[in-house]
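Just below is one structure, and these are the notes that go with it.
A short reminder: the numbers here are calculations on the coordinates, not readings from a lab. The model shown is predicted, which means the values in this text are computed figures rather than measured ones. A quick note on method: Cβ atoms are made from the backbone with ideal geometry, for glycine too, and the neighbour counts reach across all protein chains shown.
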Amino acid sequence: MRELLAGRFPREALRAAVDAGDALETGSGGASVVGGPPVVDRVLWRELGEAGFFALRLPEADGGVGLGLPEAVLVFEEAGRVLLPGPLVGTHLAATHLTGPVAAGAAAGELLVALALPPAPVGHLGAADAVLVLGEPGSQELGAGEPGSQEFGSGELGGTGVGLFAADGYPAAEIRSVDPLTPLHLPGSVLPPARALDGGAGVEAASAGADPVLAGADPVLLRREAALLTAALQVGSAGRTLAMAVQHARQREQFGRPIGAFQAVKHLCADMLVRLEMARTAVYAAAVSGDGFETAAARLLADDAASRNARDCLQVFGGMGFTWEADVHLHIKRSWVLAAGRGDTERHEEELAGELLQ
Amino acid sequence: MRELLAGRFPREALRAAVDAGDALETGSGGASVVGGPPVVDRVLWRELGEAGFFALRLPEADGGVGLGLPEAVLVFEEAGRVLLPGPLVGTHLAATHLTGPVAAGAAAGELLVALALPPAPVGHLGAADAVLVLGEPGSQELGAGEPGSQEFGSGELGGTGVGLFAADGYPAAEIRSVDPLTPLHLPGSVLPPARALDGGAGVEAASAGADPVLAGADPVLLRREAALLTAALQVGSAGRTLAMAVQHARQREQFGRPIGAFQAVKHLCADMLVRLEMARTAVYAAAVSGDGFETAAARLLADDAASRNARDCLQVFGGMGFTWEADVHLHIKRSWVLAAGRGDTERHEEELAGELLQ
Amino acid sequence: MDLTYTAEQEEFRAGLRSWLGDVLPKLPPRPDPRDWPGRRAYDAGWQRMLYDAGYAGLHWPVDAGGRGATPVQHLIFLEETEKAGAPYVGANFVGLLHAGPTIAAEGTDEQRRRWLPPVLRGDEVWCQGFSEPGAGSDLASLRTRAVRDGDAYVVTGSKIWTSHAEVADWCELLVRTDPQAPKHRGISWLAMPMDAPGVTVRPLRTLAGSTEFAEMFLDEVRVPVENRVGEENDGWRVTMVTLSFERGTAFVGEVVACRRVLGEVARAAKANGSWDDPALRRGLGRLAAEFSVLWRLTQWNVSEAERSLRAGGTGVPGTGGSVFKLRYSHARQELYDTAAEVLGPLAQDTGHPWTAERLSSLSYTIAAGTSQIQKNIVAERILGLPKG
Amino acid sequence: MDLTYTAEQEEFRAGLRSWLGDVLPKLPPRPDPRDWPGRRAYDAGWQRMLYDAGYAGLHWPVDAGGRGATPVQHLIFLEETEKAGAPYVGANFVGLLHAGPTIAAEGTDEQRRRWLPPVLRGDEVWCQGFSEPGAGSDLASLRTRAVRDGDAYVVTGSKIWTSHAEVADWCELLVRTDPQAPKHRGISWLAMPMDAPGVTVRPLRTLAGSTEFAEMFLDEVRVPVENRVGEENDGWRVTMVTLSFERGTAFVGEVVACRRVLGEVARAAKANGSWDDPALRRGLGRLAAEFSVLWRLTQWNVSEAERSLRAGGTGVPGTGGSVFKLRYSHARQELYDTAAEVLGPLAQDTGHPWTAERLSSLSYTIAAGTSQIQKNIVAERILGLPKG
C-alpha cells in the first residue's frame, strides 16, 4: 500500500489537491473559501478500490482481500502518513459492514461514503454519494443540530443507531474547513426521511432501520472500528511529522551546525518518537484484541500523538514550517479535524476509568 | 531578614533540625517516626519575634513594625527560602489579627500558634501553645474528621468561622509527616469546647465566637492572608531550589564539561526561573492589591512553582540529590506539605473562572 | 508605578480616555483586510489623528519629535487604546516602533530630519528586512550582500517575513558589507527605498492562510551610501540598541486583548453548556490566573524600565522580558486551544476568528526567537550558565 | 507472541500458576525490612524453591545451568509471579539478572563453574559496584583504580548506589586499569569478595528515608587477577554485552504492579468520594490508557527480542526499550502523584505506602540513565541525529 500511495499519491498530488480545494483569494487574511472543487480524485478512489483498500476485510469469496483489522490499520496508517484525502473510514466501513449495492460500490471504490457521527462535522459530504450515520451508542435517536448551534434535535435511526442516507439530501451546512483537504459540513437540525439514491450513482436507496442493507451493522462495533481506523490515520500522520522533523533537523544548519545537534531539538524529536511508538502500539494492540477499552486508549493516544507531533514538527521547522507551502500545517489541521471531540474524549476517559473499578 | 536568617538559621541549623526531628532507625525503610522532639527552636522563635517577624504589621504604637502585607510576603519569602520550620503563618496571623495576651505572646515570639484549616493536616501542633482554626469561609461550622477518614463532623465556631483553642486539647492524631521539619496532625472528629489556656503559657483562654480576642478576626481576610503568606513561603523555596540547581549545574562536570553547558539542563533551569518569576510576581501583586482573585492566582502559581522547581532541581542534581543529606528532598516535601489541598485548589480555580463571567 | 499608578499617571489616562471617547466614533469603517492600499490609508489616517492630538511618537525622545513619555505612560496608552477598541498601529508599526527609534538613536541630524517627521505624521510607511530564509534563529548569519559601488551599495539577496512590504515606502534592511568578518561584525543597516529598481515583493502565505507577510527579492538594488545609519559593519549593534527601546511594552495590547478574549470564551462556554464541565471550567480559571499575572508582570517590567531610566540606566527590563515572552507564548496558545474546546465542532471553521487566532498563535513559540533560543538566553545571560 | 500467546506459552503459564498456587501458601512470613540477614535468608529460601522446581535461571542458557527459556516465557514468569504476589528476586537480583549472565557470557569455564551454581541455588549473593559519586550519567568516567600487583589487583576508590552490599558475598566491580586510555577503553570487570580487607560498607539514606542502598569504600582491596572476567581493559564491553540480556523484560513485574495499584487508587477514590471529581476520574482513565499501552509495549518488546533471537540476532529490542523507559518513568510518577491527590490529607503521611512509593518514583527519571540521557540516545541512535 505504501508503494501504491507513493506511486499514485505522491507529494505533488497532495499539493495539487490542496491547490484544487483552495480557492483562496490572495490577501484575504482568511483560509480556503467554501464550495471549491472537491479534493477527492475519483480515479485514485477507484484505484484504491482495486487495490483492496475498502474490501480489505471482505472474504476473498466476496471479492475482498480476506484480511483483518490488524492489516486494515496498517493500510490506514499509510493513508494517514500521506494525508490521503477522502471519506476513507466511511467507505471502508460501508464496504465491510453493509450489504447490497452500496457496499459493493464502496468496496470497488465506485462510491464515496461519508461518515457522520453527530454532532461532529461531516467530512467530504459534498463529494460523497452516501452518508453513513452512527448515532449515540445504544440510542435510537440521532443528534443533529442547527448548524452553528450546540443544541441538537433528533431524528429517527430506525432503532439500530445506524443509518445510511443520500449525501445530497443530508441536512448540513458547509463551513470553511480548517483543513483544506477535508471539506466539512455541520450536521443540520433534523434528519430527512431515508430516500432513494437514484440512478446517478448507480445504486439503490439505503433506508434506515430494518433495511437489510444495514442488517449486519452493529453500531457499537462500527463506532469502535471508526475510532480505531481514525486512530490509525492519526498514527500515520504522527509518523510522517516525526520523519519530516528528523530530516529537517539533519539538514538545516544554524549557528554553524545542523540543528539536530542541539539537545533541545534532539529532545523534541525523541519526545515525538515516544508519542508515536506508544500510539502505534496502542492501535496495533486494539486491532489485534478488538477490545473496546484498548480502542479507547488507542484513540486518546493517537489523537494526542498526531496533534502534538505536528506541532513539535512545526517547532523544529521554525519559520520555514509556518508557510502554506510547507506540509506541516496540513498535518496539524488534519489532526484537528480527525481528533475526537470533547464529548467523545471524555467518554473514552470515563470508560477507561470505569474499567478500573471492575 | 535574610541576614538574620542567615545568621540565626544557617544551613547547619537546618540540618540539625532535620536530625532532631528525625528518630529514624537505620534500615527501617520508612521515614521519620512519630513523636520525635519538636523541630522548632524556641530561642530562635523569640529572636524572630524580636526582629519583628510576627509583629511586622502591627502599628509601631502597639510595639509593631508598622509595615504592610507587601513587606510581610518579602519576609515570608526569606523564611521559605531557608525552610525555616515552625507555625510561622499561624503565629503571624495571631499577632496581627487577634487581641489580648495571645496576640501579644505571638507578636513577641513567646507563643507558637499553629494554624488549622480542616480538613488539612495541622503543622507543629505538638510544639504549639495554641491553635488558630479557620473554618470554611462564611460557615459557622468547622469541618473536622476522624483521623484517616474523609468524613468530617462539625464543631461550633461560635458564628465567626474563626476559633482559638489550646493546642494540647485540640483533637487530632499525629501522623508520620512526609516533611521531617513539619510534624503533622490530622484533625479529629469533634472539636472540644473552648477551654482556658492556663498559666503554663502565661496567657488567658481564647474562646470562640463573641470573645473579644477574636473580635477583629475576619475569617475571609484571615484565609486570604494565610493563602498569600503560604504562597510567599513557596516562592522562597522555589527561588532556593533554582539557585541550588544553577550552582550545581555550574560546578558538576559530566562528559568533560559542566552539566550547565548542556541545553537540556539549561532549559530545565530556564523553566524554573520562569515559574519562579511568575509566582513571585503573583504574590507581590496580590500583596499590594489585597485582592482575593489575585491571591487565588498567587497560591496556584506558587504551589506549582515550589513543587515543580524542587523536582527539576532534583533532576539537575541527579543521583546526588537523591540522598537524605542533600537538601533537595526537604524542599520537595515542604512544597507538598504547604500546597493547598485538592479542595482548596479547586475553589481557587472556580473563583477565578467565576470572575471571568463578571 | 510598581504595581499601582500615580495620580499623574491616572491623569494622563483620563485625558487619553476622554480623547478616545471623542474620536473613535468618528473613525471611518475598517477596510477589507485584502485591500492593502485601503489599509495603509486607514492606518495613516489614524496616525494623523494621533499626531494632531499630540499622541504620535509618545515614547520617542522629544528631540526626535516625540513626547518623551515614560514607559508607564506608554503602557497606559497601549492599554487604553486596546480597551477602547482603537485601531492598531498597523502599517506604521515598523516606522514607529523600530526603524524610527533606530534612526532617532543612531542617525545623523539630516537622517532624523528626513525620515522621522513623515513617520510621526503617518505619511511614510516602513517595513523590515532582517530575516532570511537561511537565517532564522541565527539572524546574524544573514547573507544578503551589499557591495560598495561609488556612492551606493549594490544589494543582492532575499528577505522573508516582511510585513506591509506591498505598501511600504522604506525598508530597514540588514545587509552583509564584510563577508570576511565574524558574522556579527560585517553587517550594516540601510534605509532602502521600496521603489528602487530590483526590488520584488511576493506575498507569502502562512499556515493560517493569510498573506500578512511577504518575501522580498533584491537583485542589484542600489541604495545610496547616505542611507546607511550607523557606521559600516556596525549594523548589528545599531539594531540591538533599538530593541532595548521597547522597554517592556511590546505585548501590552496583546495581553489586554487576551484577557478580553478569555472573558468571551468563558461566556461562550456558559452559553453553550461546556461551562458545566468542571475540568474545562477550572482550566479557564487557571488561564485567568496566568493572564492576570502576565498583566502584572508586564506592569512590573515596564515599571522596572522606568526606574532604570530614571536612575540613568538603559531602560531595558532585566529578567522580565524573556520570562514574559516564554510564558506568554505558551499561555496564548493554551488560550486558543481552550477556545477551540469551547467551540467544539465550530472550531473546525476557519471562518471563526478564534480558529484563525489559534493557527496564528502557533507562531508565538517561534517568531522573534524560538522558545528554545529564549531559554538559552535566559540560562546563559540571566542565570549565568556556561555556553554550550 | 506478538500480542497474543501461543498454546505452548499458555501451557507454561498454567504450569507455573499451578506451582505458585501450591507453594506460596507455604512461604514463611516476610522479614522486617530492617533485618538484612533475615531478608537475605528469606530471598535465598525462595530462590531455592525456584531452583528445586526448575524455575531458577529460567532465562539463562542451558549450558550455564539455566532453562534457556525464551524472552516470552521469561515475561510470563515475571507476570505470573507478580500477579500471584510471589516474593521479589530481592537479594538475588544482581546475581541472577546481571553478574550471573555476564559470567555466563564472558567468563571462563572455571569462572562459570565457580560462580554460577551458587547464584542459581540462592547460596551466594552479589552486589553491583558500578556507579561512583563523580560518575553519574557519565558512568564510563569512573575513577576507582586497580593497580596490578603480582597475581592481584589492588583496588582503591568508592562506589555508590550499591544495593544489598551489607549481605553480599561478591561484588561485580568496574575499575580503571588503564588511566591513560580513552575512558571506555581502560576499564576492567572484577568479581570482588565482599569480605576482603579494605572493603567498608556504609548505608546510604535516600530521600525516601530508606537505606536500600549503600556506599562502598575500597581501600587497597586485593582482588585476585583470576577474578577478572574478560580481558583487561575490556570491562566496558563485557558489561554492555550483559545489559542486552534483559531482552525487554526489565520492567515486566513493575508494570503489572502499577496496573494493580492503579485499580486500588481508583477504588480508594470511589470509597472516599474523590471519584466524584470528573477531572480526577478522567485523569485515572488516562493513566489506565497509559499503563495498558505500556503493558502492550512490554509484550511487543519482549516479542521482538524473541523474534530477533530466533533469527540469529542479538535479542536486544530495538526502539522499544528506550521508548518504554522514557514513558514509563513519567507514568509511574504520575500514578503516585494521582494517588496522592486521591489520598488527600493522608498523602502527607509517609507511613502510607503510596507516599513512600511517590518519593521513590522520583528516582525513575534519574536512575539507570536520566531521561535527558535517554532522549539523547533515542535521538542519536534511533533517529540518527548528529552528536551535539
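Some points to look at:
- Per residue, the convex hull spanned by the alpha carbons of region C:247-382 comes to 103 Å³.
- Think of the axis that spins chain C onto D; the C residue whose C-beta lies nearest it, and the distance in whole Å, is C:A279, 2.
- Relative to the other identical copies, C:R148 shows label-point distances of 6.8 nm, where the label point lies 7 Å from Cα along the Cβ direction and values run shortest first.
- Given charges at beta-carbon only (K, R positive; D, E negative), |dipole| of region C:1-132 in Debye: 440
- Cα Rg, Dmax (largest Cα-Cα span) when computed across region C:7-88, Å: 13.5, 43
- For the protein assembly as shown, share of DSSP beta bridges that run antiparallel, in % to the nearest 5: 85
- Helix D:278-310 vs. chain D, principal-axis angle (Cα, 0 to 90°, nearest 10): 40
- Candidates D:R145, D:R247, D:R282, ranked by Gaussian network fluctuation over chain D, Cα under 10 Å, top entry: D:R282
- Candidate lysines - alpha carbon under 27 Å from B:K333, same-chain residues fewer than 8 apart omitted: B:K266, D:K270, D:K325
- Residue of D:H74, D:H184, D:H164 that the Gaussian network model of chain D assigns the largest fluctuation, springs spanning Cα pairs under 10 Å: D:H184
- Considering only Cα atoms, the convex hull volume of region C:226-275 works out to 114 Å³ per residue.
- Cα centroid of region D:291-312 to Cα centroid of region D:93-114, whole Å: 25
- Ellipsoid equivalent to region C:64-116 - semi-axes via the Cα gyration tensor, in Å: 24, 13, 8
- Computed over every Cα-Cα pair of the protein assembly as shown and binned at 10 Å starting from 0, the pair-distance distribution P(r) comes out as 1, 7, 14, 18, 19, 18, 14, 7, 2, 0, 0 percent.
- Square roots of five times the Cα gyration tensor eigenvalues for region B:57-126, Å: 20, 16, 10
- Computed over region A:272-340, the Cα gyration tensor eigenvalues convert (square root of 5λ each) into semi-axes of 27, 11, 7 Å, ordered from largest to smallest.
- In terms of the mean number of neighbouring beta-carbon atoms within 10 Å, the peptides D:222-235, D:320-333 order highest first as D:320-333, D:222-235.
- Normalising the Debye intensity of region D:126-231 to I(0), with uniform scatterers on Cα atoms only, and taking log10 at q = 0.23, 0.24 Å⁻¹ returns -1.27, -1.36.
- Gyration tensor (alpha-carbon) shape descriptor, region C:144-300, a/c threshold 1.5: prolate
- Cβ nearest the rotation axis (A onto B), residue from chain A and distance to the nearest whole Å: A:Q263, 2
- 10 Å Cβ neighbours from other chains, averaged over peptide B:284-294: 3
- A P(r) calculated from all alpha carbon pairs of region B:240-358, with 5 Å bins opening at zero, reads 2, 12, 18, 19, 16, 12, 9, 6, 4, 2, 0, 0 percent.
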